[in-house]
Amino acid sequence: MNITLKFIVGLLMLALLSACNMRDEVEAVKEFQDGKKIWIFAQLNVPKEDNTIEDYYYFARINESLYKKIKDHRIKQGFIVFQNVRYWTNDDTIESIGDEIYADEMVFRIEDIRKIDLVKNEPRVGFKYGQKEEPVAEKTAPVKIKKTTSK
């Protein structure tokens, strides 16, 4: 899907959701398509329909100006597109979300971000986090932690 089509789809989603702060929603979508991309590490707490929360921990590329606006609390809601999404396995090996079924791009709500950090160097697929030499051969499933909450 090209960027223009993603932008249009994003705007349609925003209109359908009728968010209470439409300016933030539109701003977040606009920020996605332009500018320099940076590597981040994010912790997300995504609520589920059964009143549980799933924690996700991802490395990804996002727009630098969107990162700064989130960090400075100038945008507090809307959608954020993670590109080149990576995670680390139980043995600290970096893997890509992308495979023969899924693309390596994910969309989350900005409100679900609990922590977002700038990453200096690209996390390398097949390597242990911080490793500089030979890649690790075996691919394993991502780490998911389930928490229950009451409303």
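Computed from label points 7 Å out along Cα-Cβ, the spacing between residue 57 and residue 120 is 2.0 nm. Rounded to the nearest whole Hz, the Karplus-based 3J(HN,Hα) values (6.51 cos²θ - 1.76 cosθ + 1.60, θ = phi - 60°) of region 78-90 follow the sequence x, 10, 10, 9, 9, 10, 6, 5, 9, 9, 10, 8, 4, with x at glycine and proline.
Among the listed pairs 48/120; 36/128; 76/128; 37/128, give every one whose C-alpha distance is greater than 30 Å.
Values: 48/120 32 Å; 36/128 26 Å; 76/128 33 Å; 37/128 23 Å.
Checking Cα-Cα distances, 48/120; 76/128 exceed 30 Å.
Counting charges near residue 115 (Lys, Arg +1; Asp, Glu -1) among other residues having Cβ under 13 Å from its Cβ returns a value of -1.
What ranking do 98-107, 57-66, 82-91 get when scored by the average of other Cβ atoms within 10 Å per residue, highest first?
Details: 98-107: 11.6, 57-66: 20.5, 82-91: 17.0.
Ranking the peptides 98-107, 57-66, 82-91 by packing returns 57-66, 82-91, 98-107.
For residue 71 and residue 43, compute 0.36 nm times the residue count separating them, minus their Cα-Cα distance, and round to one decimal in nm.
Details: separation 28, 0.36 × 28 = 10.08 nm, distance 1.36 nm.
Full extension of this stretch gives 8.7 nm more.
Summing Lys and Arg as +1 and Asp and Glu as -1 over all other residues whose Cβ lies under 11 Å from the Cβ of residue 82 gives a net charge of +1. Arranged from fewest to most other beta-carbon atoms within 10 Å of their beta carbon, 69, 37, 132 become 132, 37, 69.
Coordinate-derived values only; no laboratory data. These numbers come from a predicted model, not from an experiment. Cβ: placed from backbone, ideal geometry, glycine included. Neighbour counts: every protein chain shown.
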